[in-house]
Each structure stands twice: as C-alpha cells, then as structure tokens.
Amino acid sequence: MTMTVRPEQTLPPLDGALLPAFDVPRAGGGRVQVRGYRGRRGLALYFLHDAKCAGCRALVTAVVPRYGDYALADAEPLVIVPAPAAEVEALRCDLALPFPVLIDEGSALSRRYGVRDGEAALMVTDRFGVPVLWQRAGADHDLPDQDAVLREVEYLSYTCSGGCATPIWSDVP
C-alpha cells in the first residue's frame, strides 16, 4: 500500500533518481552522510522550516514514540532543520529526539531538495536511496501521519528498486 500524494506536491525530477548525496553536521556532534544508509536502510527525511515552530516541533515529536517501528522496517527518520547549530541542538535536547537531527544552517540542503522558505516537507526513500514520496506543506504542516509514513516504509522494506532478482532456492531434502 502506498500513500496518496497530491500532484502539486510531487517533484518529478526525483522520480527514479537516487537521493542526492549530502554530508551535513549532526546536532550532538558528528556528521551524517546519506551514502552511509544506501543499501542498508530506507529514510524518512523530515524537513522543518524552523527549530522554534510549534507545528514543526509537533511533527517530529510524533515520530519519537514510533522510532522503534522505523527500526523494525529497516528505516531511519532524519530531521533536517535550517537553523544555527545552537537552535538545532536545543530542539534535539528539548524534545529528547533519539534519531539524527541535522543542521542545515543557511538552508542549502533544504533548497537543494526543493523546500521553500516557510515550508515543512517529507521525503521517503527506499533502502537504495530512491525517493518514492515527496510532499511539501506550508504553515499548516499537513504531512502524512505516522501510520501512513510507517505503512510506506514497511512496504518499501519488502520491495527492491535496485534491480534485485528473484532468489533461486534449492530443494531441501
């Protein structure tokens, strides 16, 4: 089962292409490189428009109790925040976010993915880095709920966009 995406919120250039690479700082220290997930885990990238926005905070807070469900589906939520490092770190600590929260100071990564100022967005990829869902939302933060996102990542954990062949099983005596 896949999610319904409003046509005006789909970015056709991402269709069938690999998620563009990035290497960005992570709140709490370290860096996150998208290539580290390729072939291993699907991604749910949550683009926020502000670290202090109540709607954005509610969006990521809803992910926390479902984090284990993402792990069971071999997926990782990543939160991308276009704010200075101190604000992103405060968001991570205030909400006790257990998943990576990425610092996008200057909004370069958000803009690269087509997120406009004042928008929140969600991108879901399969484990090979192929985007299968892209949805943007304005100030209303009208993005799919966690049940819908998890249905998508669970479905993707059983599919293969990477040209996988059907396994050949030998007969077991």
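Quick notes on this structure:
- Peptide ranges 51-64, 112-125, 29-42 listed from the most packed, as the mean C-beta count within 10 angstrom indicates: 112-125, 51-64, 29-42
- Karplus-derived HN-Hα couplings along the range 24-40 (A = 6.51, B = -1.76, C = 1.60, θ = phi - 60°), whole Hz, x at Gly and Pro: 10, x, 10, 4, x, x, x, 9, 10, 10, 4, 5, x, 9, 4, x, 10
- Apportionment of accessible area to carbon and sulfur, the range 53-119, percent (1.4 Å): 55
- With a 1.4 Å probe rolled over the protein heavy atoms of all chains, the accessible area of 157, 110 falls in the order 157, 110, largest first.
- Peptides 147-153, 136-142 ordered by average Cβ neighbours within 10 Å, highest first: 147-153, 136-142
- Cα convex hull volume per residue for the range 29-173 (Å³): 126
The values are calculated or read from the model by the stated rules, or taken from the named source; none is laboratory data. Since we're looking at a predicted model, the values are computed, not measured. Note: ideal-geometry Cβ built from the backbone for every residue, glycine included; neighbour counts use all protein chains shown. For accessibility, only protein heavy atoms count, side chains too; no ligands or nucleic acids. Shrake-Rupley method; radii C 1.70, N 1.55, O 1.52, S 1.80 Å.
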